[in-house]
């Protein structure tokens, strides 16, 4: 419990991972009054799990990590209402029914909205993103009327949408602007593996293809899309997955400094006193070296929540995410990454070692500094890796030799999974022999 | 196309089942023909159906539509199957004559249909238990093949399933029958080597002990092997591998739950309240079976002093000493690892047990613990052996999930679980901060463990109930969970692992 001062009234706007993590850690360390507001859902759910509900792996309740009485037991008030605007002078939030709620501290954790780039027809029935709980419900309502779907955007949500629709027996056109799947992040070999995997699953993959217009019928239901490459795809549903942007429209006149998101300093403080922002909606004014100003990722949202809760309970703490890490799953291929591995490395700044299995969908790529041989990062497909090993290697200066030496220990696949280390070493041998010893 | 294939698979399989059921109403002359035909049809239909769904060349977990299927989400098919299974269990346990069993004369109907196989294996006419054992083994083998297909690409699942299929077929089914045929004159005793006390609750009952002791070398071997497994084999294996060596690699109940019960694993409740109930329930059963066994041994010693190695006083003294040492060790050496209510349970039950034993044991009465040992055994057999493990345990698969018995009722699981929690190298490791709280691990945990609650905090999972099936790890989309045996140090709480923070935050 925080003994340092009187209890404050802390209002958190948004019950996603960032807002809820803030609330939980606040409760852990203080007896402040905590109110979490969300219009979307009464209880916290895992947004990343929405796809599994549509696929029938889970029921919606399964996506809620805490039982419903958890919040009352922990004295975290939940309010399901829409916030219209902030009154920053009087320190209140104003709901759309005109009621207000006063705060001593306000945490903005209001997330993102799917991007729409003004395509003709983007408001037709059957055109949507997948972010909000409502999006899932819309898709479920329309699902029986969909035989063919078009998914636009070759990122993580795009491939999830493709998998979802495919799992329910829909034919899927997958339109990707790039010449290969997610090739701004994945190096060519990895990207090519995913392309082949998508095709093997039966996805109609259209690379180097961009959306031009969406065409509807008399009832304003989508019937086909046209690409700028003059191709036409008949479909009853279009999934837009071309990234997300901070959900900040309702803050336009609040006096908060807004860029692409809500601008915050290293302490997650906005330009206004007692107002903070965490998660997808926060834009770092001074991002850490090599990191983006806005990182709309589950993990960073959680870390920001933990950090801000420290500050709000008297232990002022700067946002310091550890080494970058992320993971995803492309149909059946799991992806993990730690640290930095460029899709196209500048040989002056980054060397890479790659191994890929000749038949299975497994690969691993290490990056290191070409001169100091310092280990920089890893990307793996189909091989699970231990977070703590890579975190340690990345936080301390570790040579690539040492990483390779201990690589087997960092494998995290289930017992009896074949270990390809001999194969991997053979592949890397020629390159390894040219490496200088650890300086 | 796939739909037609699936439907014809179901059709052929059901034809076999219907063929088998017709025997309930009529008797066939050529039993070999009808028996083989119905099993052949069920096998072919099943394999055809499973191959269509799971036999694709691409590996990967296939849980698509689990919550849309009426069978696996407590829909109409689930209810029909559950009620059918329950009825079958009630018939087997209490009304075997419905199935054609006749204890006085030759059986007829379904039971008699299995005569040819029974004569071939054990030289006797089939009983309702032979019928049950055959169907049980058949289900494990057929659904085992399905399970392997479904989790293709995951070798842990492959080896584990082959293991349960092997142990069921050989240890539970073939070897006991063949041994019975080779030793026709010895009195009956359980010949399934892997079916240890206290899962086999009558192992130390008076009649069973007597039969083993008078059962020649074979009987003596089973007695010594059984005792060796209880006191030496099982603790060692559990120390190195956790209780999974038994529960999901060897055990017959586990085998059925993992294979035929797999479509229902997600139906187990993950509520905190149910977990509390589970902890009480399973330990009550454990105390119940321990008391029953002590009482049984007491009456054995009382009535067969010539066969006993111990006198009554030595036996009671030994039991009290053993329980006392065990409780003391658990309480003082591991007290930080025990939950508060578990400690209370342990101490109060332990004291009651020891106190009653002292009072009763040395007062020289034939009854122990104020109870008649026969009625105790009878009630345990009815309540736990039949109603719980059979009717609730399997009949309720489609309502409560596949491991109801293992979770709430199995005293073996309780003992192994206690050791797993306190003294074992096994744990499910969590992979740092990679958890996205999606809930697949918790949903597909047949034991109702809220795996996610640990994973999202970056905490290892060390739970007494975990049977180590490995499905949480298999269905995790982000590679967060790994079953492993490792050092005891930091097993439960690894050094406060930051969930991706550069700073230390105690989560």
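Read the figures in this text as sums done on the coordinates, not as results from a lab. Only a predicted model underlies this, so the values are computations on that prediction, with no experimental measurement involved. Ideal geometry is used to build each Cβ from the backbone, glycine not excepted, and the neighbour counts take in all protein chains shown.
Kirkwood hydrodynamic radius, chain B, all distinct C-alpha pairs: what's the number in Å?
Hydrodynamic radius (Kirkwood, Cα pairs) of chain B is 24.5 Å.
If one computes the Cα centroid of the range A:57-119 and of the range A:299-332, what distance in Å separates the two points?
Spelled out, the Cα-based centre of one part sits 19 Å from the other.
Need one number: nm distance between label points at residue B:27 and residue B:374, each 7 Å from Cα along Cα→Cβ, rounded to one decimal.
3.5 nm
Can you pull the Rg over Rh of the protein assembly as shown, Cα-only, Kirkwood?
Here Rg/Rh amounts to 1.01.
Starting from the Cα gyration tensor of the range B:1-109, take the square roots of the eigenvalues, sort them a ≥ b ≥ c, and report rounded, prolate or oblate (rounded when a/c is under 1.5, otherwise prolate if a/b is larger than b/c, else oblate).
oblate
Using the Cα atoms of the range A:256-392 to build a convex hull, what is its mean projected area in square nanometres?
The number I arrive at for the range A:256-392 is 10.3 nm².
If you take every DSSP beta bridge whose two residues both sit in the protein assembly as shown, what share of them, in percent to the nearest 5, is antiparallel?
The answer is about 60 percent antiparallel.
Determine the principal axes of the Cα atoms in chain A, then give the extent along each, sorted from largest to smallest and rounded to whole angstroms.
68, 63, 39
Apply the a/c threshold of 1.5 to the C-alpha gyration tensor of the range A:1-121 and tell me whether it is rounded, prolate or oblate.
Verdict is oblate for the range A:1-121.
Over all residues in A:47-56, what is the mean tally of Cβ atoms on other chains that come within 10 Å of each residue's Cβ?
Neighbouring Cβ atoms belonging to other protein chains average 5 per residue here.
Averaged across B:471-480, how many Cβ atoms of other chains sit within 10 Å of each residue's Cβ atom?
What the average comes to for B:471-480 is 5.
What FRET efficiency comes out for residue A:266 versus residue A:123 if R0 is 35 angstrom and r is the Cβ-Cβ distance? Round to the nearest 0.05.
Efficiency for this residue pair is about 0.35.
Of all beta bridges DSSP finds with both residues in chain A, what is the antiparallel percent, to the nearest 5?
If I count the DSSP bridges inside chain A, around 55 percent turn out antiparallel.
Please give the calculated 222 nm ellipticity per residue for the protein assembly as shown, where each DSSP H segment of at least 4 residues contributes -39500 (n - 2.57) and the sum is spread over every residue; nearest 500 deg cm²/dmol?
The helix-only estimate for the protein assembly as shown comes to -12000 deg cm²/dmol at 222 nm.
What span do the alpha-carbon atoms of the range A:127-242 cover on each of the three principal axes, reported in whole Å from largest to smallest?
44, 30, 24
Considering only DSSP beta bridges whose two residues both sit in the range A:127-242, what percent are antiparallel, to the nearest 5?
Of those bridges, close to 35 percent are antiparallel.
Using a 10 Å cut-off on Cβ atoms, rank the peptides A:287-294, A:394-401, B:248-255 from the highest mean neighbour count down.
Averaged packing, sorted descending, gives the order B:248-255, A:394-401, A:287-294.
Taking a ≥ b ≥ c as the square roots of the Cα gyration tensor eigenvalues, with a/c under 1.5 meaning rounded and otherwise prolate when a/b beats b/c, else oblate, which class fits the range B:137-252?
oblate
Give, in whole angstrom and from largest to smallest, the semi-axes √(5λ) of the equivalent ellipsoid of the range B:168-326, with λ running over the eigenvalues of the Cα gyration tensor.
In descending order the semi-axes read 30, 24, 14 Å.
Given the range A:325-433, report the % of alpha carbon pairs whose separation exceeds 18 Å.
Of all Cα-Cα pairs in the range A:325-433, 46 percent lie more than 18 Å apart.
How would you rank B:394-400, B:483-489, highest first, on the average number of other Cβ atoms within 10 Å across their residues?
Output ranking for B:394-400, B:483-489: B:394-400, B:483-489.
How many angstrom separate the Cα center of the range A:376-427 from the Cα center of the range A:237-294?
34 Å
Report, to two decimal places, the Cα Rg of the range A:243-282 normalised by 2.2 N^0.38 Å (N = number of residues).
Cα Rg divided by the expected 2.2 N^0.38 Å: 1.07.
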